[in-house]
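The values are calculated or read from the model by the stated rules, or taken from the named source; none is laboratory data. Keep in mind that what you see is a predicted model, and the values were worked out from it rather than measured. Cβ placement follows ideal geometry from the backbone for every residue including glycine, while neighbour counts extend to all protein chains displayed.
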Amino acid sequence: MRGSNSILIPLLLCVLGVALGSLQSRAKGRIEAFGEAESQPSHNGRVDFVTRSVQFFVFPPTRALDGALTFVSDSAMSFVEAGRLRTRVRELETTLAERLDRTRRLEALERENTRLREMQHFPSVAGFREVKADVIAVNLSNQRVSLNVGSKQGVQPGAPVVVPNGLVGQVVEVGSGVCHVNLVTHPRFAVGARVFRADSQEIGILRGRGGERMVLTIYREPTGALSALVRGGDEVTTSGLSDVYPAGILIGRVAEANRNRMTGVIEATVVPAVNMAKVHEVVVLVR
Amino acid sequence: MMRSLVGVAVWLILAAALNGALSHRLSLGWVQPDFLLVVAVALSMRGGTNGAAGIGFVAGMFHSALWNEKMMALTLSRMFACVASVHLFRATPVAGAGAAAVVTGAATLVAGVLYLFLGVPANLLQWLVETFGGILYNAALAVPVYLLQERIAGRRTTTSL
């Protein structure tokens, strides 16, 4: 009796297994019996009641364990990867700094290119030879700049220094490959200047004051309206009455003008046409 | 009796969770450990044939539920593997972790061969690698499972089905 019982239960379980397999296959819409399962891969994706019931017990702990293992695995990987990531971040920061530096240099080159294009359109001045130069040092507090050209390039003291939009200053000291320039705002700078307006061609002497502005002094009899002679907004150019400066180079614009009632001398404050802080390439006019 | 049934159910559910969550993480190529089979064999080999058949059957159901397929192949192959493990364990001269490893390896072979005919795997080469790699993997796993089981339950027989 015990022997038949030990066969009966496994036998019943075999029958149950076949029945459950059949139930599962039917729910999925295919026949699974001795090799036919793989030959009919299409199924409707349903899950039979028995499988669903077993999954009810099996899936929650599986998901919980999987979540815990994923967390532990990710944490361990993060710990392991942290050093490598720090190195990578440093590499990326270095690369970024290099790229930013390159971008800045490209922008500087672009600006230089623009300026050089403008220089090409600089009108030639009769009787002068143009020597293109770079500003290599700026001392705005002393109203001076240094250029990378000198006697080798034929530069001599007294030579005017210009940019396309106006007069920069005058060369005062010359070395073999370098020269120093007093800007138009330098207190020892002076040039013959002319008010450039259709109904006024007044001539005077323009001097630097060591500040941001210059003063144009016009010696004139104290007659006539001041505004007819000079007024705010008038352009002031070189007069061309000496051999040093060619005529017609823009120096600046009049900000305001006053007349001394006793002497009749007119003093006009002039704002330079050139922003000295942004000058990088210049032209030295040499004879 | 009831306590034993609950204990077996808990062990098998834990093994199923390990199968679903951990097996693929411990895979060596195509070879994966089969925690359900290892635990089922460990629970059944010191009991009787009926209990082993029941444990194997439930282990197969759990395995099938994880995949949602091959219910018949998995229940029958696991059931016969567990029944075989009972007779194999009785035949070993010394009961211990080594014997458990050998029995588990042999049960894995039985389950694999039955699955070959009932489940018809698509790739025969993969089946060969899985089965013979699984024999070694499961045999190695059987040692700590056996020792753990011994520690928890002492030398009592865990199944009295």
Restricting attention to segment A:218-229, the residues that are β-branched (V, I, T) and surrounded by 16 or more Cβ atoms within 10 Å (Cβ to Cβ) number exactly 1
Unmet criterion (only one of (1) hydrophobic (A, V, I, L, M, F, W, C); (2) more than 10 Å from chain A (Cβ to nearest Cβ); (3) in contact (Cβ under 8 Å) with a residue 60 or more places away in the chain) for B:A52: (2)
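Take segment B:114-128 and flag every residue that is of a type outside the set (G, A, S) and over 14 Å from the mean Cα position of the chain (by Cα).
Let us first name the residues in segment B:114-128 that are of a type outside the set (G, A, S), namely B:114-118, B:120-121, B:123-128.
Correct list: B:L116, B:F117, B:L118, B:V120, B:P121, B:N123, B:L124, B:L125, B:Q126, B:W127, B:L128.
Just checking, does segment A:191-204 include any residue being touching a residue at least 12 places away in the same chain (Cβ under 8 Å), assigned to a loop (DSSP other than H, G, I, E, B) and under 17 Å from A:V168 (Cβ atoms)? Step through it out loud before you land on a result.
Taking segment A:191-204 first, the residues touching a residue at least 12 places away in the same chain (Cβ under 8 Å) are A:191-197, A:199-200, A:202-204.
If we keep only those that are assigned to a loop (DSSP other than H, G, I, E, B) too, we end up with A:199, A:202.
So of that shortlist, the ones also under 17 Å from A:V168 (Cβ atoms) come out as none.
Looking through segment A:191-204, none of the residues is touching a residue at least 12 places away in the same chain (Cβ under 8 Å), assigned to a loop (DSSP other than H, G, I, E, B) and under 17 Å from A:V168 (Cβ atoms).
Given A:V155, A:V171, A:V195, which one is in the same structural domain as A:V274 (by TED's automatic domain parsing) and among the β-branched types (V, I, T)?
Numbers: A:V155 fails: in the same structural domain as A:V274 (by TED's automatic domain parsing); A:V171 fails: in the same structural domain as A:V274 (by TED's automatic domain parsing).
Every option except A:V195 fails the conditions.
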Out of all the residues in segment A:72-90, is one or more at pLDDT 85 or above, assigned to a helix (DSSP H, G or I) and within 8 Å of chain B (Cβ to nearest Cβ)? yes
Filter segment A:165-182 down to the residues that are surrounded by fewer than 18 Cβ atoms within 10 Å (Cβ to Cβ) and either among the polar types (S, T, N, Q) or out of contact with any Pro (no Cβ under 7 Å at 6 or more places or on another chain) (or both) and list them by number. A:N165, A:G175, A:S176, A:G177
Please tell me if A:I205 is at negative phi, exposed (fewer than 15 other Cβ atoms within 10 Å of the Cβ) and either among the aliphatic types (A, V, I, L, M) or under 40 Å from the mean Cα position of the chain (by Cα) (or both). yes
All but one of (1) more than 7 Å from chain B (Cβ to nearest Cβ); (2) surrounded by 13 or more Cβ atoms within 10 Å (Cβ to Cβ); (3) at pLDDT 85 or above hold for A:L8; state the number of the condition that does not hold. (2)
